[in-house]
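Shown next, in structure tokens, is the structure this report addresses.
The values are calculated or read from the model by the stated rules, or taken from the named source; none is laboratory data. Only a predicted model underlies this, so the values are computations on that prediction, with no experimental measurement involved. Cβ: placed from backbone, ideal geometry, glycine included. Neighbour counts: every protein chain shown.
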Amino acid sequence: MANPMTAAQLVSALKRWGVTVIEHAGWETNNRNHVGAWGPVHGSMVHHTASSDGMGIVELCYNGRSDLQGPLCTGVIAKNGTVYLVGNGRANHAGSGSTAALNSVIDDDPVPYPPGPDAVDGNARFYGWEAVNLGDGKDPWPEVQLDAIARVQAAVCEYHTWSAQSVIGHLEWTARKIDPRGFAMAHMRARVTKHLTAGPTLMEEDMALTADDIDQFWAADIIPAARPPYNNADYADGNLTWSAKYAERAAVEAARESVARIKEVQAAIAAAEPQPVNIFLTDAQVEAIATNPRLAEAIAEHVAAKLAARLAS
Ligand SMILES: [Zn+2]
């Protein structure tokens with residue numbers, strides 16, 4: 001039985017995970033518990049506000065609109081990562097959604113996508129987090145905001161001993177919705193898992209490169225290709241930039257080829273017979289020169305002339 005956190009427990013959990021928390025006046029008693037159930041809770045739902053930043057959106061999420069009474073979530077996650085708590089209890093954020101999605105968070109299974117038909121009341125079962133973003137697919141998600149979203153989810157999951165599978169996006173709850181837009185919930189769950197594994201002391205800088213970032217770098221086609229004389233058909237075909245993955249493999253192949261050639265040269269040297277010094281004069285000719293001073297002198301003159309010519313050039 002997952003009883004919802006009290007206001008004090010939620011604040012304490014968020015602070016334990018290094019989240020900057022601002023409590024809207026009156027948030028502890030701001031809820032919709034008088035019109036429907038709140039709890040047992042099974043998960044935490046991430047939304048985008050479809051708005052820009054500022055206190056206007058915080059007030060709107062606290063009070064609601066004429067057609068949708070507040071609170072509209074548990075907390076608003078600003079672009080600078082600050083979390084404004086606006087609702088403690090049932091809030092108008094999830095609406096009706098997929099039975100399969102609810103069962104997945106209860107059973108700690110991966111949430112199926114796309115969601116099934118709207119059938120169950122999500123406002124009773126999920127904490128709700130409105131992250132400030134225009135939701136147009138262009139408005140950026142600052143790293144500090146993504147980090148705050150992940151920490152908030154880790155705080156909720158740790159308290160309830162849930163895994164990151166209990167964190168879903170509104171778009172995974174109901175086919176009516178597309179939020180949050182601009183990052184994948186699978187990536188967010190991976191971040192939450194990393195936090196839950198490492199504990200609350202994991203610093204933001206440790207999260208700077210995600211596994212996906214590294215994958216992206218590794219596959220990016222940005223490394224200048226190996227140039228001739230390294231022999232590769234790719235370069236000749238005009239493929240002048242390679243991915244790091246490909247470049248690394250090409251370097252290994254080039255090194256392997258070099259080693260093979262060195263081994264061939266070493267084998268050729270080892271196999272070569274020592275060659276006798278080639279003497280052009282026969283014994284009889286040497287004897288003739290030795291016993292004929294004039295001939296020896298003529299050869300000496302000839303050699304001297306050649307040496308002089310060579311020195312002069
Ligand atoms: Zn939503």
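Quick look at the values:
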read-out	value
Which numbered condition residue 46 fails, given (1) over 25 Å from residue 161 (Cα atoms); (2) within 16 Å of the ligand (Cβ to nearest atom)	(1)
Scan of the stretch 166-176 for residues that are crowded, with 20+ Cβ neighbours inside 10 Å and part of a loop (DSSP other than H, G, I, E, B), ordered by number	174
Residues (farther than 28 Å from residue 21 by Cβ and away from the ligand (no atom under 16 Å from the Cβ)) located in the stretch 88-101	99, 100
Single condition residue 273 does not satisfy, out of (1) at pLDDT below 80; (2) not in a loop (DSSP other than H, G, I, E, B)	(2)
Odd one out for residue 127, checked against (1) away from the ligand (no atom under 16 Å from the Cβ); (2) crowded, with 23+ Cβ neighbours inside 10 Å; (3) not acidic (Asp, Glu)	(1)
Residue identified as surrounded by fewer than 16 Cβ atoms within 10 Å (Cβ to Cβ) and either within 16 Å of the ligand (Cβ to nearest atom) or within 20 Å of residue 2 (Cα to Cα) (or both) among 67, 121, 139	67
From the options 22, 57, residue that is in contact with a Ser or Thr (Cβ under 7 Å, 6 or more places away or on another chain), within 16 Å of the ligand (Cβ to nearest atom) and aliphatic (A, V, I, L, M)	57
Hits in the stretch 120-132 (condition: in contact with a helix residue (DSSP H, G or I) (Cβ under 8 Å, 6 or more places away or on another chain) and not in a strand (DSSP E or B))	122, 125, 132
Meets criteria (acidic (Asp, Glu), loosely packed, with under 11 Cβ neighbours inside 10 Å and either free of Cβ contacts under 8 Å to residues at least 60 places away in the same chain or closer than 30 Å to residue 216 by Cα (or both)) for residue 301	yes
